1. Quote the relative contact order of chain A in percent (integer), defining contacts as alpha-carbon pairs under 8 Å separated by 6+ residues.
2. Can you give the net charge of the other residues whose Cβ lies under 14 Å from the Cβ of A:M23, counting K and R as +1 and D and E as -1?
3. How would region B:22-77 be classified by its alpha-carbon gyration tensor: rounded, prolate or oblate, with rounded meaning a/c under 1.5 and the a/b versus b/c comparison settling the rest?
4. Taking the square root of 5 times each eigenvalue of the Cα gyration tensor, what semi-axes in Å does the equivalent ellipsoid of the protein assembly as shown have, largest first?
5. Which of the trypsin sites (Lys or Arg not before Pro) found in region A:13-77 are in a DSSP loop and have at most 16 neighbouring Cβ atoms, other than their own, within 10 Å?
6. Using helices alone, what [θ] at 222 nm do you get for the protein assembly as shown, with -39,500 (n - 2.57) per DSSP H run of 4 or more residues, divided over all residues and rounded to the nearest 500?
7. Can you list, shortest first and in nm, the gaps between the label point of B:R70 and those of its counterparts in the other copies, using a point 7 Å from Cα in the C-beta direction?
8. Answer rounded, prolate or oblate for region A:49-100, using the Cα gyration tensor with square roots of eigenvalues a ≥ b ≥ c: rounded when a/c is under 1.5, else prolate when a/b is larger than b/c, else oblate.
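The values are calculated or read from the model by the stated rules, or taken from the named source; none is laboratory data. Bear in mind the structure is a predicted one, so any value in this text is a computation, not a measurement. Counting neighbours? That spans all protein chains shown, and the Cβs are built from the backbone with ideal geometry, glycine included. With ligands, DNA and RNA removed, areas are computed over all heavy atoms of the protein, side chains included. Shrake-Rupley method; radii C 1.70, N 1.55, O 1.52, S 1.80 Å.
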Protein chains: 2
Amino acid sequence: MLNQQTDLDRLFSALADPARRAMVERLSRGPAPVSELAKPLPMSLPSVMQHLGVLEGAGLVRSEKVGRVRTCSIEPGALSLAEQWIGARRTQWEHRLDRLGIYFESLPKEEPDDAG
Amino acid sequence: MLNQQTDLDRLFSALADPARRAMVERLSRGPAPVSELAKPLPMSLPSVMQHLGVLEGAGLVRSEKVGRVRTCSIEPGALSLAEQWIGARRTQWEHRLDRLGIYFESLPKEEPDDAG
């Protein structure tokens with residue numbers, strides 16, 4: 001449980017930055033070399049590498065260096081963990097609305113109010 | 001677009017803390033006074049109020065003070081925004097897998113290798 005909490009801390013923290021979300025978005029369409037990830041981002045290559053490190057630390061991205069090219073890929077399992085956590089909250093919320101609906105239907109119906 | 005980016009920054013950042021996630025989890029089951037939110041958390045009431053401020057700033061929670069009691073409720077729309085962003089990445093990823101599948105199916109089948 002503690003480990004999953006730490007995983008979720010790292011995951012959501014990694015997703016809380018627009019540059020890192022842009023990298024995840026690009027990699028969701030397929031693997032890419034770091035140079036391609038860096039191209040649309042208004043920052044230096046060392047900054048891109050730092051963001052990449054955060055994404056790798058959160059388990060969202062893996063990278064492999066072959067020769068002089070480091071190629072990055074998405075790790076879809078990590079995104080699933082974040083999606084599951086949010087989905088579980090939505091389910092709780094919807095169950096509550098269902099229970100409220102059942103409660104209100106169980107109340108005695110009021111007669112139409114002629115004075116209304 | 002910029003506003004949505006800022007919203008997502010705040011949302012994911014707010015969810016990157018276990019105490020704040022515990023508060024969101026409790027509120028997904030229904031509204032609660034601050035004292036009830038604070039009870040299971042190993043921290044002072046001012047710290048709880050600070051976390052509550054972050055959740056309110058991210059649009060995840062709203063609170064209302066009646067008399068001396070501040071009651072908090074979940075704002076399900078904010079969680080939906082985060083869920084949609086992650087879901088859109090999953091869709092991109094799955095489309096890519098579909099395209100890869102179609103590509104591999106389009107390749108000429110190899111004859112069984114008798115030497116194998």
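1. On the way: 81 pairs, mean separation 29.8, N = 116.
The value is 26 percent.
2. Values: positive: A:R20, A:R21, A:R26, A:R29, A:K39, A:R62, A:R70, B:R89; negative: A:D17, A:E25, A:E36, A:E56, A:E75.
The answer is +3.
3. On the way: a/c = 1.34, a/b = 1.18, b/c = 1.14.
Rounded, because the longest to shortest axis ratio a/c is under 1.5.
4. Values: eigenvalues 364, 123, 51 Å².
With the √(5λ) rule applied to the protein assembly as shown, the semi-axes are 43, 25, 16 Å.
5. Working: sites: A:R20, A:R21, A:R26, A:R29, A:R62, A:K65, A:R68, A:R70; in loops: A:R29, A:R68.
Filter output for region A:13-77: A:R29, A:R68.
6. Numbers: 10 runs with 148 residues, N = 232.
The helix contribution divided over the protein assembly as shown gives -21000 deg cm²/dmol.
7. 4.3
8. On the way: a/c = 7.22, a/b = 4.19, b/c = 1.72.
The shape class here is prolate.
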